[in-house]
1. What ranking do K181, K326, K20, K234 get, fewest neighbouring Cβ atoms within 10 angstrom at the top?
2. Report ³J(HN,Hα) in whole Hz for each residue of the range 317-327, in order, from the Karplus equation J = 6.51 cos²θ - 1.76 cosθ + 1.60 where θ = phi - 60°; Gly and Pro get x.
3. Can you give me the long-range amide H partners of T53? Hydrogens built in the peptide plane at 1.01 Å from N, cutoff under 5 Å, separation of 5 or more residues or another chain.
4. So for each of 187-194, 207-214, 331-338 I average, over its residues, the number of other beta carbons within 10 Å; can you give me the resulting order with the highest mean first?
5. Across the range 104-117, in residue order, what do the Karplus-derived ³J(HN,Hα) couplings come to in whole Hz, using 6.51 cos²θ - 1.76 cosθ + 1.60 with θ = phi - 60° and x for Gly and Pro?
6. If the cut-off is a Cα-Cα distance under 12 Å, which aspartates and glutamates reach K234, setting aside same-chain residues fewer than 8 apart in sequence?
7. Could you give the semi-axes, largest first, of the ellipsoid that matches the range 149-368, computed as the square roots of 5 times the alpha carbon gyration tensor eigenvalues and rounded to whole Å?
8. Can you compute the radius of gyration and Dmax for the chain, using only the Cα atoms, both in Å?
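No value in this document is a laboratory result; all are computed from the given coordinates. The structure displayed is predicted, hence computed values, not measured ones. We place every Cβ from the backbone using ideal geometry, glycine too, and count neighbours over all the protein chains shown.
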Amino acid sequence: MNEGQPPRSSLLPDTAPIRKGEDFNYAAIEDYLHRHLPAALGDQAPDASGRVTFEQFPGGHSNLTYCLRVGGQEFVLRRPPLGPIPPTAHDMPREYRLLASIHPHFPLAPRPLLLCEDPAVIGAPFYLMERRQGLVVRQIIPPEMGDNLDLRRRLSASMVDTLADLHAIDIEATGLSRIGKPIGFVRRQVEGWAGRWERARTTDLPDMNRAARWLLDHLPADPARPTIVHNDYKLDNVMLNPADPTRLVAVLDWEMSTVGDPLVDLGLLLCYWPQSDDPELFSGSLRGVTALPGWMRRDQLIARYAERSGRDLSGIAYYHVFAVFKLAVVLQQIYYRFHNGQTSDQRFADFDQRVSALAAWAAVLIDQSR
């Protein structure tokens, strides 16, 4: 339950007023931050005695993300979505601890600052992390990038290079192998997402059933060199330097990161990288700026990653299909909540159509892989 309207200052370019139903007890969190934030930040602590202001980052359909200003400094607060959520999903304590482990070895991962595991404060566990400043490319090209086609090409290369560099981190030498279980990673992923589909479906989709069966029948061998897997690496999950948009200043959304097969990350990047000659059914379900002139095509991304990483990508089609299947399940889980009245957010009303389109796209990719 909230207490009136949230204290707000003038909105930032990437924030908005907090959506109805996604607010919380502002007085309770202000009190919590006044008591705990100074100890978490030490010498870098702001004057936390004043009013805290609250705004919301409007993007995303999963975890809820807010911008908090305390004593002249900005922080990012992340919490789970409202309503029932799948078991083990949206685990804020796990995400906080992942960032704490990864940030020292991969500085593009934001530094986590404060974890609250007491649901009494805002209704769910949450954490605070540092606020990085930069551009995020979503459905339109930012003015700072304009129509510079060479810049788009170089940013495409930077996306691939950053992913390959993440995968080059030695998980044994850094101790990061402890954040997951790389043996059998892809099998567990496929079986897990197939199970989520069965639990969340609201109608029968033969293309989804076919994709699940095909993925289980064509499981790849475990990689000889498992790596960190971000598990949600895509263009709108990175932040760019406004002065040089080809340079990444942050990689965001680490909630599903683990260790395992790095090609899962590349497959997902391909899934979220539409190009101009994709079938209409795909462009209608997952529009993206990368279909515009200047951006690398998917085969160019694959070639650059192969050169940068030295990995064999002859089986990359499998990972592309898996990414499309997984995205369809994610959207279906969200639609399931809307369908059952667990959320009234109208952004989710047509997600069943998007799921159908993605299932058809997975079938196309399977046929092309023969």
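1. With the fewest neighbours first, K181, K326, K20, K234 line up as K20, K181, K234, K326.
2. So the J values, rounded to whole Hz, are 4, 4, 6, 5, 4, 4, 5, 5, 4, 5, 4.
3. R69
4. Order by mean packing, descending: 331-338, 207-214, 187-194.
5. x, 9, 9, x, 5, 7, x, 7, x, 10, 8, 10, 10, 9
6. D253, D265
7. Values for the range 149-368, descending: 27, 22, 17 Å.
8. My reading of the Cα-based Rg and Dmax gives 20.6, 64 Å.
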